[in-house]
Amino acid sequence: MNLRTRKMKGNAMIILVALAFVIIMIPLMSMLYMIAIRGIGAISLEFLTSLPTPPGEPGGGVGNAIQGSLMLVATASAISIPISIMAAVYISEYRGKLSSAIELITDVLSGTPSIVAGVFIYVLIIPRTGFSALAGSLALSVLMIPTVTIASYESLKAVPNHIREAAIALGVPKWKTSLFVVLRSAMIGIGTGVILGIARISGETAPLLFTALGNMYWNEGLLQPTSALPLLIYNYATSPYRSWQAQAWGAAFILLVIVLLLNIGVRIVARKR
Amino acid sequence: MSSEIEIEDLNAWFGEKHVLKDVSMEMEKNRITAIIGPSGCGKTTLIRCINRMHETVPEARVEGRILLNELDVYQEDPVSIRSRIGMVFQRPNPFPTMSVSENAVAGLKLRGTRDRSVLAEKAKEVLMAVGLWDEVRNELNKPGTSLSGGQQQRLCIARALAVEPEVILMDEPCSALDPVSTMRIEDLIYRLRENYTIIIVTHNMQQAARISDRTAFLYMGELIEYGPTKRLFEKPENELTERYISGRFG
Ligand SMILES: Nc1ncnc2c1ncn2[C@@H]1O[C@H](COP(=O)(O)OP(=O)(O)O)[C@@H](O)[C@H]1O
Ligand SMILES: [Mg+2]
């Protein structure tokens, strides 16, 4: 093969790669563009802080959906983060009889379609308690736990063994070594996993459809149904009302900004490595 | 207070692999005992049996008796044994998430000492004991891993001292260090002998000759010869020892 054909092949590859890049960027950029253009117009203080108006009436906002989303994500995090970290410490540091079972369950759960998580909680909990923010949080936890557990487990595994030995040899009990030395060394990776887990669940709609249900008013407690941004987007976007459709874009824009910020947060945390 | 160690018929395994065979020896109080022998002969395993670190490896097993001042180490709680028998590893391993001063007293703190002034005082005391205080007094809050290799190793020795052990085990503590740092650590070890019983593994025979009082030669898991360092190096009784110290193998 002479130099010329080699050069031509090289150029052809560059063109192909550039083309692939453009093909990927077009839908992404046009989606961002569309959401930004249509969404920004809807944003105002009233939009961020007030309750929805009845269908067809102008004005109103998504304040309760923002409140609900924060509540759902905070509750799901409060449930998932401790469970996930404990499970990860158990499988990585203790390697007990249950470790491989937990590992398997986690792997399977992490592939569970989110609608299944919703149905699971719907069948298990809703008949007893009715629709509630708590049920929504539990459904989100089903999705968050595997993500955070796997990320935590990987970070714990990456902690070199000489760190554990140094602590054990000082006469530090195993459990303290695991919690205060190994876990601390893995904190950056675990933090990254937690933020990614939060980013994932903040956009989920399916698990909330028949758990948190939605609500036109402010949420007054974990045991009431609650609105949430993804739910509101789903309801508004599929409604026949113009004003609601416009507000769905606004809500989508807010959600996008939140997820974007969380991803930037991951970058910042991960750079400290 | 320092203590003596007595090892009786010690056998150790990794799975099916028999790596220590009927080792019996005594290590004297306030003395430095060197353990020499070719790579893979079981030196590390031997000292890891003394502070019960060997059994933390999956599949690893020990038989025999080890007495710390007549107290059977294998009848006691391993956590408390490890606080009485400190260990310094081959590679300096300060905790990367902790500062210099946090590292120095990490053992104390993790074992339950909360009082900040006690911790700060102890940090100063042990850093002075290892000759590190003047070098790091302005860098106490920097990560322990930011120090040079030799300083890190002295920090690890300080960390072991802070728990107030009676015996200190050292596994080739200078093998990752430059000659100048090695000298400083040898001086330090020699000074520590006043207050501690020291057992040091080394593959460096000059080092064993320079600092130890007694030397044990281990070969393929067996204790071949054990005696006063000077005698062992000048007039080895066993032919294997003679061949090893004259550099004809290993
Ligand atoms: N974690 C382990 N698992 C299995 N075998 C090991 C392990 N560590 C050491 N060994 C084996 O045990 C023997 C003694 O090792 P070691 O005590 O580390 O020797 P030394 O410190 O004298 O070089 C060697 O043959 C080594 O291969
Ligand atoms: Mg060794």
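The values are calculated or read from the model by the stated rules, or taken from the named source; none is laboratory data. Computed from a predicted model, the values in this text were never measured in an experiment. Counting neighbours? That spans all protein chains shown, and the Cβs are built from the backbone with ideal geometry, glycine included. The accessibility values were calculated without ligands, DNA or RNA, using every heavy atom of the protein model including side chains. Shrake-Rupley method; radii C 1.70, N 1.55, O 1.52, S 1.80 Å.
How high is the relative contact order of chain A, given as a whole-number percent (alpha carbon pairs under 8 Å, six or more residues apart)? Show your work: numbers first, answer last.
Values: 379 pairs, mean separation 71.5, N = 273.
About 26 percent, as a whole number.
Tell me the carbon and sulfur percent of the accessible area for the protein assembly as shown, rounded to whole percent, probe radius 1.4 Å. C and S fraction of accessible area: 61 percent.
Taking beta carbons within 10 Å but only from partner chains, what does the mean come to for residues B:155-168?
Numbers: counts 0, 1, 0, 0, 3, 3, 0, 1, 4, 0, 2, 0, 0, 0.
Shielding by partners across B:155-168 averages 1.
Name the helices (complete DSSP H segments) of chain B with a Cα length along the long axis of 18 Å or more and a Kyte-Doolittle mean of at least -0.5, or state none. Span-like helices here: B:116-129, B:149-162, B:179-192. Entry note: the protein assembly as shown has Rg to Rh equal to 1.15, where both radii use alpha-carbon atoms and Rh is the Kirkwood radius. Once the 1.4 Å probe is applied to the protein heavy atoms, the range A:162-273 comes out at 47 Å² accessible per residue.
For a straight C-alpha distance cut-off of 29 angstrom, the lysines reachable from A:Lys97 (same-chain residues fewer than eight places away being disregarded) are A:Lys157, A:Lys174, A:Lys176, B:Lys17. Taken as Cα centroids, the range B:6-80 and the range A:4-18 sit 64 Å apart, rounded to the nearest whole angstrom.
Averaging Cα coordinates gives a centre for the range A:47-64 and one for the range A:108-173; these two points are 35 Å apart.
Applying both filters, DSSP loop and at most 16 other Cβ atoms within 10 Å, to the GluC sites (Glu not before Pro) of the range B:9-50 gives B:Glu16, B:Glu28.
Can you give the calculated 222 nm mean residue ellipticity of the protein assembly as shown, where each DSSP H run of n ≥ 4 adds -39,500 (n - 2.57) and the sum is split over every residue, rounded to the nearest 500 deg cm²/dmol? Please report the intermediate quantities before stating the final value.
Working: 23 runs with 281 residues, N = 523.
Computed ellipticity for the protein assembly as shown at 222 nm equals -17000 deg cm²/dmol.
Of the GluC sites (Glu not before Pro) found in the range B:69-111, those in coil by DSSP whose Cβ has at most 15 other Cβ atoms within 10 Å are B:Glu70, B:Glu76. Coupling constants for the range B:219-234 follow from the phi torsions by the Karplus curve (6.51 cos²θ - 1.76 cosθ + 1.60, θ = phi - 60°), and in residue order they are 9, 6, x, 10, 7, 7, 8, 8, x, x, 3, 4, 4, 4, 7, 8 Hz; glycine and proline get x.
Chains A and B: how much accessible area gets covered up at their contact, both sides added, probe 1.4 Å, in Å² to the nearest hundred? Don't skip to the answer; put the middle values down first.
Details: alone 15300 and 11990 Å², together 25660 Å².
Looking at A and B, the buried total is near 1600 Å².
Span-like helix criteria (full DSSP H runs; alpha carbon extent of at least 18 Å along the helix axis; mean Kyte-Doolittle hydropathy of at least 0.5) are satisfied in chain A by A:3-40, A:63-89, A:133-157, A:187-202, A:242-271.
Provide a whole-number value for the mean count of partner chain Cβ atoms within 10 Å of the Cβ atoms in peptide B:76-82. Walk me through the numbers on the way to the answer.
Working: counts 0, 2, 4, 7, 2, 1, 7.
Mean shielding count: 3.
What the Cα atoms of chain A give is an Rg and a Dmax of 23.1, 76 Å. Among the residues of B:100-109, the average count of other protein chain beta-carbon atoms within 10 Å of the residue beta-carbon is 2. Look at the alpha carbon pairs under 8 Å that are at least 6 residues apart: their mean separation over the length of the range A:56-157 gives a relative contact order of 46 percent. Listed peptides B:145-156, B:84-95 appear in the order B:84-95, B:145-156 once ranked by packing, highest mean of other Cβ atoms within 10 Å at the front.
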